[in-house]
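Scroll down for the structure; my scribbles are underneath it.
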Amino acid sequence: MRQTPTVQSPLTLNEIYAALAECAGDLKIIAGGTDLMVLANAHQLEASNFLDIWRVDELRGISDEGDALRIGALTTYTQLIRAPLIQQFIPALVAASRTIGAVQIQNRGTLGGNIVNASPAGDSLPVLAAYDAALEIGSQRGTRRVAFNEFYTGYRRTVLAADELVIAARVPKVKAGERDFFCKVGTRRAQAISKIVMSAKAQMNAASIASIQIGIGSVAPTVMRATQTEALLVGATLTPDLIEQARQMIANEVTPITDLRSTEHYRRSVTGNVLTKFLRQIIEGAEAR
Amino acid sequence: MSDEKNKSDQQKSGVSRRSFLKASGISLGVPLVVGHRVINVNGQEVKLYGPTKTSITLTINGAKQTVEVEPRVTLLEALRHELDITGAKRVCDRATCGACTMIVGGKAVYSCTVLAIEAQGKPITTVESLMQGEKLHPLQQAFVDNDGQQCGYCTPGFVMACKAFLDKNPSPTPEEVQKGLGGNLCRCGTYMGVRAAVLQAATMHKGGKNHG
């Protein structure tokens, strides 16, 4: 007989740590439930017991830490969309949050949930990749900080130990003059899972690219940075020829699969096109000035 | 097995959580109904619900209702199956279609993916709250006036999504309406009527009529 699940409802971070230390591996941490409850309703969830962390307010909130923002793991997409600090300093995260599900999902889904769900299609993840975010990870053994771009070790695999919890993301602020970008390609505007999703940041020095970071989702087993294409672009003068080279390079750099949402060919092509869109925006923005 | 049973009886006196869970798994056959228990985990007290039925109190459309559910039960199931409040519909059961939309704590949510125990302590509003006697809420009237429904199955969820949207944004533009209602699907394709209804309800609200 299948055992019906228990649900633990801690109110503090220490209670979460205690429960995880005691029962590591047997507990499924649940927050807004926008991913897990779908699996549970479809009887696809293996873990039988839940640790419901939704009431732990210590994990909410956005704080200004000088050159970075600290975003609590339970911060919802609705909160991200409305937060003046995010609008000002991480505009791509606002754009990403607006494309996640629809209002009902944005009211319950959390940034931390998107991170630990570890889907290659998580729409906030390319932003965290492009912005070189860091994650604060806690357990009864203490807290540690891990670079977001070193958090995933493979398809739906992370460096999290069984007794650990992602408690916050620290995201560096966009710098003065830096351009940021977000683009999601899905079947429809709302409620679509990405076919490809990209976020990028670039700093120009006159006509040449001083720095560029490109994060892409749904084109590899995990969210990825297009480091080869970044290397091609950094220090180069941004011309239509360079954009064409970058388009071809990034289409080859990504490693997408064909699945029910899209094909490998489409994903490679559109990744190149989406990068082209960002780079053209930079040129047009420079000309407009 | 009798050892485990004894442990279960002694859980208040410091039996480890793991053995307690084993014990309660074995005693599943007993139709126990209890509220949450406070268990001691590594020196920290944590509320534990289940696995047997738990008595919870929900505040639905202004009235407190007590219901006995397993902790895995969703808010939607608790209302439909236990309380016979059937306005919200179960359609996709996977947080996509919006037919189960309720307003919880002032926010539109898919009740198919919210645990009932999690909705305790927050006001829950469903489509049943809107009519005053025989009089339709202005938003409901606007749905009627604008053919905002055909088969009607998505309508209760749509109406609640529209209500939450207008509560936040009482004077929306047509573009805002379109974006704000992206979380609800209608297979009959009544979107044009629904958008018109929202704009009409917003106009009536501006005209000073009661918008609930």
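The values are calculated or read from the model by the stated rules, or taken from the named source; none is laboratory data. A quick note: this is a predicted structure, and the numbers were derived from the prediction, not measured. Please note: Cβ atoms are built from the backbone with ideal geometry, for glycine as well, and neighbour counts cover all protein chains shown.
List of remarks:
- On the stretch given as region A:169-191, residues that are surrounded by 20 or more Cβ atoms within 10 Å (Cβ to Cβ), part of a loop (DSSP other than H, G, I, E, B) and not polar (S, T, N, Q) total 1.
- Taken over region B:85-95, the criterion of being surrounded by 21 or more Cβ atoms within 10 Å (Cβ to Cβ) and under 21 Å from residue A:45 (Cβ atoms) is satisfied by B:95 alone.
- Filter result for residue A:62 (within 17 Å of residue A:116 (Cα to Cα) and either at pLDDT 90 or above or more than 8 Å from chain B (Cβ to nearest Cβ) (or both)): no
- All of B:68, B:45 fail the test of being of a type in the set (Asp, Glu), at the interface with chain A (Cβ under 9 Å from one of its Cβ atoms) and part of a strand (DSSP E or B), apart from B:45.
- Taken over region B:172-191, the residue count meeting the criterion of being in contact with a strand residue (DSSP E or B) (Cβ under 8 Å, 6 or more places away or on another chain) and either among the small types (Gly, Ala, Ser) or farther than 24 Å from residue B:112 by Cβ (or both) is 1.
- Here the condition is being assigned to a loop (DSSP other than H, G, I, E, B), without any contact (Cβ under 8 Å) to a residue 24 or more places away in the chain, within 12 Å of another protein chain (Cβ to nearest Cβ) and of a type outside the set (A, V, I, L, M); of A:104, A:79, A:44, it holds for A:44 alone.
- Failed item, numbered, when residue B:134 is tested on (1) of a type in the set (D, E, K, R); (2) surrounded by fewer than 19 Cβ atoms within 10 Å (Cβ to Cβ); (3) not assigned by TED's automatic domain parsing to the domain that holds residue B:184: (3)
- From the list A:236, A:226, A:190, the lone residue that is without any contact (Cβ under 8 Å) to a residue 60 or more places away in the chain and in contact with a Gly (Cβ under 9 Å, 6 or more places away or on another chain) is A:226.
- The listed residues are B:118, B:45, B:82, B:77, and the only one of them that is under 23 Å from residue A:5 (Cα atoms), surrounded by fewer than 19 Cβ atoms within 10 Å (Cβ to Cβ), at pLDDT 85 or above and of a type in the set (Asp, Glu) turns out to be B:82.
- Top-ranked residue of region A:221-243 - restricted to ones that are within 19 Å of residue A:267 (Cα to Cα) and hydroxyl-bearing (Ser, Thr, Tyr), ranked as surrounded by the most Cβ atoms within 10 Å (Cβ to Cβ): A:229
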